[in-house]
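Below is one structure, written out as structure tokens, with a few remarks after it.
What follows draws every value from the coordinates through simple rules; no lab data is involved. As the structure is a prediction and not an experimental result, all values here were calculated from the model. Cβ sites come from the backbone with ideal geometry, for glycine too, and all protein chains shown count toward neighbours.
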Amino acid sequence: MKPLTKSLLLFVVVAVYSLLYLATSPIRPCDGSCQKLYSLDTLLTKKFDYVYGTFRCSSLPGSDTLCVYVRDTVGINWDRFADTVCLYANIAGLYQQKIFLIKNSIMPPDTVARRQCP
């Protein structure tokens, strides 16, 4: 066999085994913090129609920063809404979070309010 054919065959075999590994690896279950974030997201998106979603700003474990993506709506006091998000985060069990309200209808996204929750 030619060297090019051998290396191509090796690449195909490694690619197939990689895909099999990804397809059969177990999905990581949602831990306590993930479940609390999911309940906060569900609460905010159902109650306020101008909230797109709530996510961790950083994917690092133990992050205490929440990004709440909102639609730019006239008449909303974003500082007061950040206080409301802090209240709901505390109810959901997410204590001492840093809240960033981000308007993502424009590029780059604009932070409309920040709050350090007690």
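Applying the selection to the stretch 32-59, what residues are among the aromatic types (F, W, Y) and in contact (Cβ under 8 Å) with a residue 40 or more places away in the chain?
Y52
Give the number of residues within the stretch 54-91 that are touching a Phe, Trp or Tyr at 6+ places or on another chain (Cβ under 9 Å) and within 16 Å of Q35 (Cβ to Cβ).
Number satisfying all stated conditions: 4.
Within the stretch 2-22, is even one residue under 26 Å from I91 (Cβ atoms) and of a type in the set (F, W, Y)?
Residues of the stretch 2-22 that are under 26 Å from I91 (Cβ atoms), as a first pass: none.
Within the stretch 2-22 (the criterion being under 26 Å from I91 (Cβ atoms) and of a type in the set (F, W, Y)), the answer is no, since none of the residues qualifies.
Can R80 be described as more than 20 Å from the chain's Cα centre (by Cα) and either loosely packed, with under 10 Cβ neighbours inside 10 Å or within 28 Å of D110 (Cβ to Cβ) (or both)?
Working: more than 20 Å from the chain's Cα centre (by Cα): yes; either loosely packed, with under 10 Cβ neighbours inside 10 Å or within 28 Å of D110 (Cβ to Cβ) (or both): yes.
In short, yes.
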